[in-house]
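Asker: Before we start, here is the structure in question, set down as structure tokens.
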Amino acid sequence: MNETPTRVYAEIDLDAVRRNVRALRERAPRAELMAVVKADAYGHGALRCARAALDAGATWLGTATPEEALALRAAGIGSRIMCWLWTPGGPWQEAVEADIDVSVSGLWALEEVRRAARAAGRPARIQLKADTGLGRNGCQPADWAELVGEAVAAQAEGTVRVTGVWSHFACADEPGHPSIPLQLAAFRDMLAYAEKEGVEPEVRHIANSPATLTLPESHFDLVRCGLAVYGVSPAPELGTSAELGLRPAMTLKASVALVKTVPAGHGVSYGHHYVTDAETNLALIPAGYADGIPRHASDRGPVLVGGKVRRVAGRVAMDQFVVDIGGDRVRVGDEAVLFGSGDQGEPTAEDWAQAAHTIAYEIVTRIGGRVPRVYRNG
């Protein structure tokens, strides 16, 4: 029996994950490295990639949701884990009992985690997030003194331990953006205030993937690397994956499901947005937007089929799309490569991002659950 899926599958090279982690550690040699494995490791598989990253020297793992963090603990991951996207009524007690670092951006969250710590009978590990200019999660400078004061009081009563102070860049993927030095200055000021008030953090961190690659002054004690761990450039402005010393870990492949000859003037796929201008051959690729192929890349998405890069012909449908192969010979069962490292001339996730007018983060992360992951070099 063939153990490799035949419709569509994502091949994940765990050696590439390890190599990328080592390369990122070389960029920030004095800092620890957190491998961010949220959203199922950006579509690559959280548990397998977490283990590979830890093998390569990552000392922390990061998740968005507490459920993601708790799943790692349940699978036997013993490293430091931090999660940062909390809502009222979340599994605070379970996180405290699992020794997970939880992010606190406001007084409501601090109160919930204090109650959870009392119920668990042990102090909670918390990290205070400063909003230094992103305007998303995090505590505003005007409210920082109150949050720090309450956190220090909670630490004195034994319900929490403040293990970190952190923030997040808004524009680190845009070299030279004026917000970058402003955010760094705000972070240093808010960190200095917290330390003056008695906070002794284990880790101070603000650097994401692009800052890890380009802003050594932002590395502090820990860098948080997400997309770069999986070998995809976090921004075209910073360079390609190869130029940054990274190797994409995911290759998305499918098998050609049908090849047929159609006459000139034949419409292709819904709406007939593509019409053949001469007799030609069409190849059917059995993957669609239900698998995460962006419909916005209709008529533009690149695919390597029969040794050439072709474009999606017509609309991407829920389960399939078509490529026009002209007079070339392609057979049913031949391999189609939607994206990969680019080493063999195949498109990359960045190529699909440009075709869909989005970012490469979305391309790899959106590959859905019905696409099997096949792991290499485990």
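Asker: Once Lys and Arg get +1 and Asp and Glu get -1 on their Cβ, which of CYS225, GLY90, GLY265 lies farthest toward the positive end of the dipole of the chain?
Answerer: GLY265
Asker: What would the Debye equation give as log₁₀ I(q)/I(0) for segment 236-378 at q = 0.09, 0.10, 0.19 Å⁻¹, counting only Cα atoms as equal point scatterers?
Answerer: Once normalised to I(0) and log-transformed, intensities are -0.27, -0.33, -1.13.
Asker: Over all directions, how big on average is the projection of the convex hull of the alpha-carbon atoms in segment 160-303, in square nanometres? Write out the running numbers ahead of the final one.
Answerer: Values: hull surface 54.5 nm².
If you wrap the Cα atoms of segment 160-303 in a convex hull and average its projections, you get 13.6 nm².
Asker: Quick one: putting +1 on the C-beta of Lys and Arg, -1 on the C-beta of Asp and Glu, what dipole do you get for the chain around its Cα centre, in Debye to the nearest 20? All intermediate terms of the calculation are to be shown ahead of the outcome.
Answerer: Numbers: 39 positive and 46 negative charges, 154 e Å.
In total the dipole reaches around 740 debye.
Asker: Put +1 on the Cβ of every Lys and Arg and -1 on every Asp and Glu Cβ in segment 87-167; which of TRP144, GLY133, GLY121 then has its Cα farthest towards the positive end of the dipole?
Answerer: GLY121
Asker: Would you mind giving the average projected area, over all directions, of the Cα convex hull of segment 1-117 in nm² with one decimal? Could the numbers behind the result be given before it?
Answerer: Details: hull surface 37.5 nm².
Averaged projected area of segment 1-117's Cα convex hull equals 9.4 nm².
Asker: Where the eigenvalues come from the Cα gyration tensor of segment 64-108, what are the semi-axes √(5λ) of the equivalent ellipsoid, largest first, in whole Å? Please list the in-between numbers first.
Answerer: Numbers: eigenvalues 66, 19, 15 Å².
Ellipsoid semi-axes (Å, largest first): 18, 10, 9.
Asker: Find the relative contact order for segment 167-287 and round it to a whole percent, using C-alpha pairs within less than 8 Å whose residues are 6+ positions apart. Can you show the working numbers first?
Answerer: Details: 162 pairs, mean separation 20.5, N = 121.
This gives 17 percent for segment 167-287.
Asker: With a point put 7 Å past each Cα toward its Cβ, work out how far VAL332 is from ASP189 in nm, to one decimal.
Answerer: Simple spin-label model gives 6.8 nm for this pair.
Asker: Compute the distance from the alpha-carbon center of segment 307-378 to that of segment 122-178, in whole Å.
Answerer: 40 Å
Asker: Take every Cα pair under 8 Å in segment 1-89 that's 6+ residues apart, average their separations, divide by the length, and report that relative contact order as a whole percent.
Answerer: On the way: 102 pairs, mean separation 22.5, N = 89.
Over segment 1-89, the number comes to 25 percent.
Asker: Also, I was wondering about something else. Where only protein heavy atoms count, and the probe is 1.4 Å, what is the accessible area per residue for segment 280-378 in Å²?
Answerer: On the way: 4290 Å² over 99 residues.
Value returned for segment 280-378: 43 Å² of accessible area per residue.
Asker: With a cut-off of 8 Å between alpha carbons and a minimum separation of six or more residues, what is the relative contact order of the chain in percent? Working shown, then result.
Answerer: Details: 879 pairs, mean separation 68.4, N = 378.
In percent, rounded to a whole number, it is 18.
Asker: How large is the dipole of segment 172-319 about the Cα centre if only Lys and Arg carry +1 and Asp and Glu carry -1, each at its Cβ, rounded to the nearest 20 debye? If you can, show how the numbers build up before the last one.
Answerer: Values: 13 positive and 16 negative charges, 177 e Å.
It works out to roughly 840 debye.
Asker: What does the charge dipole of segment 194-281 about its Cα centre add up to, to the nearest 20 debye, if the Cβ of each Lys and Arg holds +1 and the Cβ of each Asp and Glu holds -1? It would help to have the intermediate numbers written out before the result.
Answerer: Working: 6 positive and 10 negative charges, 100 e Å.
Rounded to the nearest 20 debye, it is 480 debye.
Asker: Report for the chain the percent antiparallel among DSSP-assigned beta bridges with both residues inside it, nearest 5.
Answerer: Working: 29 of 60 bridges.
Among the beta bridges of the chain, antiparallel pairing accounts for roughly 50 percent.
Asker: Calculate the length of the line joining the C-alpha centroid of segment 230-260 to that of segment 1-52, in whole Å.
Answerer: Cα centroid to Cα centroid, the span is 13 Å.
Asker: Would you work out which of ALA109, THR6, GLY245 lies farthest towards the positive end of the dipole of the chain? Charges go on Cβ: Lys and Arg +1, Asp and Glu -1.
Answerer: The Cα lying farthest towards the positive end belongs to THR6.
Asker: Would you calculate a helix-derived [θ] at 222 nm for the chain, using -39,500 (n - 2.57) for each DSSP H run of n ≥ 4 and dividing by the full residue count, to the nearest 500?
Answerer: Numbers: 11 runs with 113 residues, N = 378.
Calculated mean residue ellipticity at 222 nm is -9000 deg cm²/dmol.
Asker: Hey, another quick one. Counting each pair of different Cα atoms once, what's the Kirkwood radius of the chain in Å, rounded to one decimal?
Answerer: Values: mean 1/r = 0.0448 Å⁻¹.
Hydrodynamic radius (Kirkwood, Cα pairs) of the chain is 22.3 Å.
Asker: Moving to a separate point now. Roughly to the nearest percent, how much of the accessible area of the chain is carbon and sulfur, given a 1.4 Å probe? Display every interim value, and only then the final one.
Answerer: Values: 7770 of 15970 Å².
Within the chain, the accessible surface is 49 percent carbon and sulfur.
The values are calculated or read from the model by the stated rules, or taken from the named source; none is laboratory data. Quick caveat: nothing in here was measured; it's all calculated off a predicted structure. Virtual Cβ from ideal backbone geometry, glycine too; neighbours counted across all protein chains shown. SASA here: full protein model, heavy atoms, side chains in, ligands and nucleic acids out. Shrake-Rupley method; radii C 1.70, N 1.55, O 1.52, S 1.80 Å.
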